[in-house]
1. If we scan segment 157-167, do we find a residue that is modelled with pLDDT of 90 or more and open to solvent by less than 30 Å² (accessible area, probe 1.4 Å)?
2. Can you name the condition, by its number, that residue 250 falls short on among (1) in a helix (DSSP H, G or I); (2) touching a residue at least 60 places away in the same chain (Cβ under 8 Å)?
3. Checking residue 84 against (1) at pLDDT below 85; (2) hydrophobic (A, V, I, L, M, F, W, C); (3) open to solvent by 80 Å² or more (accessible area, probe 1.4 Å); (4) assigned by TED's automatic domain parsing to the domain that holds residue 179: exactly one of these is not met. Which one?
4. Check segment 42-60 and report whether any residue there is modelled with pLDDT of 90 or more, open to solvent by 50 Å² or more (accessible area, probe 1.4 Å) and outside any loop (DSSP other than H, G, I, E, B).
5. For the list (1) more than 14 Å from residue 87 (Cβ to Cβ); (2) under 21 Å from the mean Cα position of the chain (by Cα); (3) open to solvent by less than 20 Å² (accessible area, probe 1.4 Å), I need the number of the one condition that residue 255 fails.
6. Tell me which residues, restricted to segment 181-217, are of a type in the set (A, V, I, L, M, F, W, C) and either open to solvent by 30 Å² or more (accessible area, probe 1.4 Å) or not assigned by TED's automatic domain parsing to the domain that holds residue 99 (or both).
7. Among what's in segment 286-300 and is over 20 Å from the mean Cα position of the chain (by Cα), open to solvent by less than 40 Å² (accessible area, probe 1.4 Å) and not polar (S, T, N, Q), pick the residue that is farthest from residue 247 (Cα to Cα).
8. Modelled with pLDDT of 85 or more, open to solvent by 90 Å² or more (accessible area, probe 1.4 Å) and more than 19 Å from residue 269 (Cα to Cα): does that describe residue 70?
Amino acid sequence: MSQISSAKSAASLQAKKKRKYNLKRYSPLLIMMIPGLLYLLVNNYLPMFGIVIAFKDINFTKGILASDWVGLKNFEYLFKTSDAFIITRNTILYNVLFLFLGTVLSLSFAILLNEIRRKFLLRTYQAIISMPHLISWVIISYLVYAFLNPENGLMNRTILPMLGMDEGISWYTEAKYWPVILTLVDQWKGIGYGSIVYFAALLGINEEYYEAARIDGASRIQQILRITLPIVVPVIIMMALLQLGRIFYSDFGLFYQVTLNSGALFETTATIDTYVFNGLTGSGNMGMSAAAGFYQSVVGFVLVITVNYLVRRKSKESALF
């Protein structure tokens, strides 16, 4: 018994020494984690207590907790309004289109960048296509307005006359043109960032695969189809799953700033976010705004879990979790 007891105490002492050693060894990394953890706590977790606002009739004289409980009445604003179908349709269809085009174009640009062997040219092209991602939507809205200004815009004054259209188009009152305009602007701004993510995945592919394929006589297109795409499929699925979580959200800057919040474009540019914002600024109903955010989060969460489950059933390696 004494030998067993001494062995246990020795093992316990050894485990304590190991924990102390690991703590000392990894303490710089733990210290570096503190700012990020504090950011997540303050920005992502503490605001979750505000979910209660979605179920209350907020009265600031009473305070949030003392305000009257109204249940699901705040959600009726989204589901019973006559515009519910339009804003839901626009939000989903735009996000699906952006997801598909963004994936295809970002991956295509990443493959093209991967073909460049001169480092100077590679860095130059990366900087050029990534720059729009760093520009704010306010500045982009002015750039778009410089193109589409009905009186002095580049389209009406220069491009359309070259095509034989001298009358011009009142862009900010013609809703039918904006699905194309918004798609072009969104892809122009986002392709650079997306291509960098996929380019990083391409850099991890072993060059020996391509050398073996070239020896077997495979063309460059065949190498892309047989080697590149199958290897980056997990990254594509991961990026798609992350974007699916926000399929009921819209880029507020794109749909509000770029369109100048023109009421004439409502049919093709109104989304849940812009509709709620306009309703909030008009009525000041904070409970309605919180209900919309809660609804979007729940739907996004369910979509991510469902799609990830389906992906996991087919290929565990490709699933996000």
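The values are calculated or read from the model by the stated rules, or taken from the named source; none is laboratory data. Fair warning: this is a prediction, and the values are worked out from it, not measured in the lab. FYI the Cβ positions are ideal-geometry reconstructions off the backbone, even for glycines, and counts take in every protein chain you see. Just so you know, the surface numbers come from the protein's heavy atoms only, side chains and all, with ligands and any DNA or RNA stripped out. Shrake-Rupley method; radii C 1.70, N 1.55, O 1.52, S 1.80 Å.
1. Scanning segment 157-167, I find no residue that is modelled with pLDDT of 90 or more and open to solvent by less than 30 Å² (accessible area, probe 1.4 Å), so the answer is no.
2. Result: residue 250 passes all but (1).
3. Of the numbered conditions (1) at pLDDT below 85; (2) hydrophobic (A, V, I, L, M, F, W, C); (3) open to solvent by 80 Å² or more (accessible area, probe 1.4 Å); (4) assigned by TED's automatic domain parsing to the domain that holds residue 179, the odd one out for residue 84 is (3).
4. Checked against the condition, which is being modelled with pLDDT of 90 or more, open to solvent by 50 Å² or more (accessible area, probe 1.4 Å) and outside any loop (DSSP other than H, G, I, E, B), segment 42-60 yields at least one hit.
5. Failing condition for residue 255: (1).
6. Pass one, segment 181-217, residues of a type in the set (A, V, I, L, M, F, W, C): 181-182, 184-185, 188, 191, 196-197, 199-203, 205, 212-213, 215.
Those that are of a type in the set (A, V, I, L, M, F, W, C) and either open to solvent by 30 Å² or more (accessible area, probe 1.4 Å) or not assigned by TED's automatic domain parsing to the domain that holds residue 99 (or both): 184, 188, 196, 197, 200, 203, 212, 215.
7. The selected residue is 287.
8. Working: modelled with pLDDT of 85 or more: yes; open to solvent by 90 Å² or more (accessible area, probe 1.4 Å): no; more than 19 Å from residue 269 (Cα to Cα): yes.
For residue 70, the condition - modelled with pLDDT of 85 or more, open to solvent by 90 Å² or more (accessible area, probe 1.4 Å) and more than 19 Å from residue 269 (Cα to Cα) - is not met.
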